[in-house]
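Student: Handing you a structure now.
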Amino acid sequence: MSADAADAEDWERSVAGDGEAFGRIFDRHRDRIARHSHRLVPNAHEVDDVVAVTFLEAWRRRQQVRLVDQSVLPWLLVTATNTAQNLRRSARRHRAFLERLPEPPDVSDSTESIEGGVAMDALRNLGLSDRQVVVLCVLEGFSTNEAATALGVPPGTIKSRLSRAKRRLAHQVRPLAQLTTTPEEA
């Protein structure tokens, strides 16, 4: 059986909703549509997009597709050409839109502002288990139960570590804060 006759038979079955017949048409013409699309769009992922949209449209509009000499290939090629043109037009509009947007303000990385400071130095001086609890419960806002689950310890352990860590932080931060405070601020 010739490819055109196979197209006609498989297309008739596809129109009736036979996905396997449509799959055979896809397998038969996919590479040809991809080669055609490669001439129309600049890169491989866009070629894949054109092929996918072409066959999606073929399935979606299968009742209206006209075969030429018992072949669906001409309809697929025209649809691939239109799809590639639509893709290029959409990309051009997107680029033009992006060019019209104002430049974003230069924003420094927020981690730079956290690098130092009395509180961060005090946090770094805590032991690992206390630091983990402070980070989870105080800085990240997790509940005692959530932190306990994350660390694999009972909630009571989290509560006692958090209490101990807060005391240690307070003892470390108060003397340092007093040194940096001017008499007017006190």
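Student: With every protein chain in place, what's the accessible area of E12 (1.4 Å probe, Å², nearest 10)?
Tutor: For E12, solvent-accessible area is about 140 Å².
Student: Using +1 at the C-beta of Lys and Arg and -1 at the C-beta of Asp and Glu, which of Q64, F97, L128 has the Cα lying farthest in the positive direction of the dipole of the chain?
Tutor: L128
Student: On to the next question. Report, in order of residue number, the helices in the chain meeting two criteria: a C-alpha extent of 20 Å or more along the helix axis, and a mean Kyte-Doolittle hydropathy of at least 0.0; treat each whole DSSP H run as one helix.
Tutor: 44-60
Student: Okay, moving on. Compute the accessible area per residue over the chain, keeping the other protein chains in place, probe 1.4 Å, unit Å².
Tutor: 68 Å²
Student: Then there's this: Report the charge-dipole magnitude of segment 22-178 in Debye, nearest 20, computed about the Cα centre from +1 at each Lys and Arg Cβ and -1 at each Asp and Glu Cβ.
Tutor: Value, rounded to 20: 540 debye.
Student: Tally Lys/Arg at +1 and Asp/Glu at -1 over every other residue whose Cβ is under 10 Å from the Cβ of R161; what's the total?
Tutor: Taking every Cβ under 10 Å from that of R161, the sum is +3.
Student: Determine how many Å³ per residue the convex hull of the Cα atoms of the chain encloses.
Tutor: Working: hull volume 47.2 nm³, N = 186.
Convex hull volume per residue, Cα atoms: 254 Å³.
Student: Using the Cα centre as the reference, give the magnitude of the dipole from point charges on the C-beta atoms of segment 1-98 (Lys, Arg: +1; Asp, Glu: -1; all else neutral), rounded to the nearest 20 debye.
Tutor: Details: 16 positive and 14 negative charges, 155 e Å.
Magnitude of the dipole: close to 740 debye.
Student: Net charge within 13 Å of C137 by Cβ-Cβ distance, Lys/Arg positive one each and Asp/Glu negative one each, not counting C137 itself?
Tutor: Taking every other residue near C137 into account, the sum is +2.
Student: Another one. Mind checking the dipole of segment 124-171: about its Cα centre, +1 per Lys or Arg Cβ, -1 per Asp or Glu Cβ, Debye to the nearest 20?
Tutor: For this selection, approximately 300 debye.
Student: Then there's this: Using a 1.4 Å probe and ignoring any ligands, DNA or RNA, find the accessible area of W59 and quote it in Å² to the nearest 10.
Tutor: 80 Å²
The values are calculated or read from the model by the stated rules, or taken from the named source; none is laboratory data. Quick caveat, the model's predicted, so the values are computed rather than measured. Neighbour counts run over all protein chains shown; Cβ positions are idealised from the backbone, glycine included. Areas reflect the complete protein model, heavy atoms only, side chains present, ligands, DNA and RNA absent. Shrake-Rupley method; radii C 1.70, N 1.55, O 1.52, S 1.80 Å.
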